[in-house]
Amino acid sequence: MKKVISILLIVAVSHALYAGVGDKAAKPSKENKTITDTVPFAIDEEEIMDYNDSLTSFPAYELYCSWDTANIHSKKFDISSLKDSVKEIVLADKYNCGYVPPFIGNVTSGFGPRRKIFHYGIDLDLETGDAVGAAFDGKVRIAKKSKSYGNVIVIRHSNGIETYYAHLSKINVEVGQEVYAGENIGLGGNTGRSRGSHLHFELRYLGQPINPTDVISFSEHKLISDTLALSKKTFDYMTAAKKIASAKGGKGSKIHVVKKGDTLSAIARKYGTSTKVLCQKNKLKTTSKLRLGQQIKL
Ligand SMILES: [Zn+2]
């Protein structure tokens, strides 16, 4: 009891002292006290708002949960998660000016199987130095040189679609730069794995390629529709793409040899497959330990 009283006394004395200091510094009105109390919270809110603002300034951040400026391809989403649903993607509405052709040229190669590879874009004929523009409003996520794509630009759009512009001779934009549909982003060329000047144009949604002709008429140079109904059907081409990939690997499917630090989920991510599929193909459990040098069928 004695202890409690002494604590109460200390609290009372220190409060009186604190109040005294406050009296000298400011008027001891109730109003003033309220303002003093809310100051730290006001600063916190501001900080939170800054943080949120920086996230919302990346297009479709809620879909990707990342803004990766190093890797050309975003992590692929699992198509089976679409089930039988149809997701409507708005390509043009009253808030944006929609589509502007990146370049008006003849289509020299379409989306689909090509020789022993699957061509995930569309090729438009151009001369080196021809101006290439952004197809939609968006923000530049990638602007760099790649072995296969050559000088490549990837723009993310607010509806979650990303457009790719490859084999450029010159890049005129920087990562993080906002661009509007039709704005010049670079010059056409023949860089990377390319035979002759052309623009390789791709359209992807959460890393998964979409046939650009599902969205754009390259003969009429306009959108087929203001919206895209994204469903499992959009990705039907994958059966053909997988066939080509497995044929390329020779007998059966490709193999990954386990290296130090490898995990099933990391291997699945690397090859755009799932842990479940790897487990089935290799008669493994998700908890199975991998051995160095172990061959994993992909
Ligand atoms: Zn191409």
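Only the coordinates and a few stated rules stand behind these numbers; no lab work does. Note that the structure is a prediction, hence the values are computed from the model and not measured. We place every Cβ from the backbone using ideal geometry, glycine too, and count neighbours over all the protein chains shown.
Details
- Segment residue 282-residue 178, length gained on full extension (0.36 nm per residue, minus Cα span): 32.9 nm
- If you sort the three axes of the alpha carbon gyration tensor as a ≥ b ≥ c, you get a/c of 1.5 or more for the range 197-283 and a/b above b/c, which makes it prolate.
- 3J(HN,Hα) along the range 230-245, derived from phi through the Karplus expression 6.51 cos²θ - 1.76 cosθ + 1.60 where θ = phi - 60°, amounts to 7, 9, 4, 4, 4, 10, 4, 4, 4, 4, 5, 5, 5, 4, 5, 4 Hz, with x in place of Gly and Pro.
- Residues 269, 156, 291, arranged from fewest to most other Cβ atoms within 10 angstrom of their Cβ, appear as 291, 269, 156.
- Cβ crowding within 10 Å ranks 62, 202 as 62, 202, fewest other Cβ atoms first.
- Taking 0.36 nm per residue of sequence separation and removing the Cα-Cα distance, the residue 114/residue 236 pair yields an extension gain of 42.3 nm.
- Exposure proxy for 124, 168, 187: other Cβ atoms within 10 Å of each Cβ, ordered fewest to most, give 187, 124, 168.
- For residue 272, net neighbour charge (Lys/Arg +1, Asp/Glu -1) across residues whose Cβ lies under 11 Å away: +4
- Residue 227 versus residue 269: modelled label distance in nm, points set 7 Å from Cα along the beta carbon direction: 3.4
- Using a simple spin-label model with pseudo-atoms 7 Å out from Cα toward Cβ, residue 86 and residue 257 lie 4.9 nm apart.
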